[in-house]
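Worksheet: one structure, shown below.
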Amino acid sequence: MQTRSSKILSFDKRGIPLVVIGLPQAGKTSLVRRIKTGEFLETKPTLGMQFETVEVGDARFDLFDLGGHISYRQTIWETYTKLAYGVIFIIDSADPDQFDLAKEEFWKSINLKESADEFTILFLCNKSDLEESVDLETIINHLELFKLAEKENASYQFFKTSMKTGDNVDNALQWLVNNAAKVVAKRSIDPHMFMLADIEGFPILEIDKMGLEEDPSLLAGFLSAIESFSQRIFGKTGVLQYLQSGDYKYIIKTENEYIYSLIIHDTDSQEEARRLLDLISEKVQDMSDFGILESIVTQILKIDPSEYVMRKGFIEVKGKN
């Protein structure tokens, strides 16, 4: 098992994004460290978030280890859980006094995943090496984990583990590898068009597979007009998130002075499209020169430029055939 760290704590395109959550001292960071080193290491409470890209067998995961303090549960948990492909929830099986709170936080997080997108839940009952560790069946019943059967789009499993001794950790990770691959296969998207425009409606970049003949300024102006209207009505930007027309969805993101739009088929994963727009917007915000913009966008969207027509502003640049 290998790992790479990143100072940029954001969803990247390198691995399958998973959040590691649970109450303080449940063993979240100990799990990440064990995957990284193969050993148990004493850890300190996570402040905010820690990020690791790890390889388990043939799978690569982006692990977002989120702090368990109430201030983090009320802020960053929601954002990252919504974007993740799966949840690793860890509970201290030797501390039954925390079971009720763990139950509340677990279901609050899982219920964020209301869409039709497939997702994975790995529930780890840690500290099985301690004498006071509660048996798995009791934990399942107390937390009503059997209700996960009602989540038709979720694959899930429960394991008693010990991060200290390593007991059952490899079995849990092998289950994760097998099931995460299925989730990725069902979340792929085939972008039909991407557009970046400024808030005033001037198109900066359009990448088009749909064969649209219309001037790109029309779509950019339309999105800008709707965004302006929404801002006047609701008093803030970013209210408009998607439109649907026939067999296509227009996924929209407004941030600072830019509007991002991605057109996908209505059967494609809306959450994955949203995640990719978030990643693109991160890169755009750091840019001082848009000269490599189309290269970055095509890499993030994983598209073949030769299959698309690219327009910068009002200037058309066709891909090589």
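Among residues that are at pLDDT 90 or above and under 13 Å from the mean Cα position of the chain (by Cα), Gly86 is included. A single entry from Phe61, Phe119, Phe106 fulfils the requirement of being in contact (Cβ under 8 Å) with a residue 24 or more places away in the chain, farther than 26 Å from Lys147 by Cα and touching a strand residue (DSSP E or B) at 6+ places or on another chain (Cβ under 6 Å): Phe61.
Listed by first and then second residue, the pairs with beta-carbon distance under 6 Å, at least 6 apart or on different chains, first residue in segment 14-36 and in the same structural domain as Thr161 (by TED's automatic domain parsing) and buried (at least 24 other Cβ atoms within 10 Å of the Cβ), second outside any strand (DSSP E or B) and among the basic types (Lys, Arg), are Val20/Lys28; Gly22/Lys28.
Which of the residues that make up segment 253-273 are out of contact with any Ser or Thr (no Cβ under 7 Å at 6 or more places or on another chain), without any contact (Cβ under 8 Å) to a residue 60 or more places away in the chain and over 10 Å from Ile189 (Cβ atoms)? Of everything in segment 253-273, those that are out of contact with any Ser or Thr (no Cβ under 7 Å at 6 or more places or on another chain), without any contact (Cβ under 8 Å) to a residue 60 or more places away in the chain and over 10 Å from Ile189 (Cβ atoms) turn out to be Asn256, Glu257, Asp266. Meeting the requirement of 1 or more residues that are more than 23 Å from Arg187 (Cβ to Cβ) and of a type outside the set (Gly, Ala, Ser), the strands (runs of 3 or more DSSP E) wholly within segment 21-140 are 49-56, 86-92, 119-126. Considered as a group, the residues in segment 284-305 that are surrounded by 15 or more Cβ atoms within 10 Å (Cβ to Cβ) and of a type outside the set (Val, Ile, Thr) include one that is farthest from Tyr260 (Cα to Cα), and that residue is Pro305.
Where the second residue is part of a loop (DSSP other than H, G, I, E, B) and of a type in the set (A, V, I, L, M, F, W, C) and the first is within 13 Å of Leu124 (Cβ to Cβ) and assigned by TED's automatic domain parsing to the domain that holds Lys108 and lies in segment 73-91, which pairs have Cβ atoms under 6 Å and are six or more apart or on separate chains? So the pair list comes out as Ile90/Ala26; Ile91/Ala26. Please verify whether Gly27 is touching a strand residue (DSSP E or B) at 6+ places or on another chain (Cβ under 6 Å) and farther than 18 Å from Ala180 by Cα, treating the condition exactly as stated. So Gly27 passes the test. Restricted to segment 234-255, and to residues there that are on the phi > 0 side of the Ramachandran plot and either outside any loop (DSSP other than H, G, I, E, B) or modelled with pLDDT under 80 (or both), the residue that is surrounded by the most Cβ atoms within 10 Å (Cβ to Cβ) is Gly238.
Condition check ((1) modelled with pLDDT under 95; (2) surrounded by fewer than 18 Cβ atoms within 10 Å (Cβ to Cβ)) across all residues:
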| site | (1), (2) |
| --- | --- |
| Ser71 | yes, yes |
| Trp77 | yes, no |
| Trp107 | no, yes |
| Lys127 | no, no |
| His142 | no, yes |
| Glu150 | yes, yes |
| Phe158 | no, no |
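Filter segment 257-289 for residues that are of a type in the set (A, V, I, L, M, F, W, C), more than 17 Å from the chain's Cα centre (by Cα) and outside any strand (DSSP E or B); which is modelled with the highest pLDDT? Per the stated criteria, the residue is Val284.
The values are calculated or read from the model by the stated rules, or taken from the named source; none is laboratory data. A quick note: this is a predicted structure, and the numbers were derived from the prediction, not measured. Cβ atoms come from the backbone with ideal geometry, glycine included; neighbour counts cover every protein chain shown.
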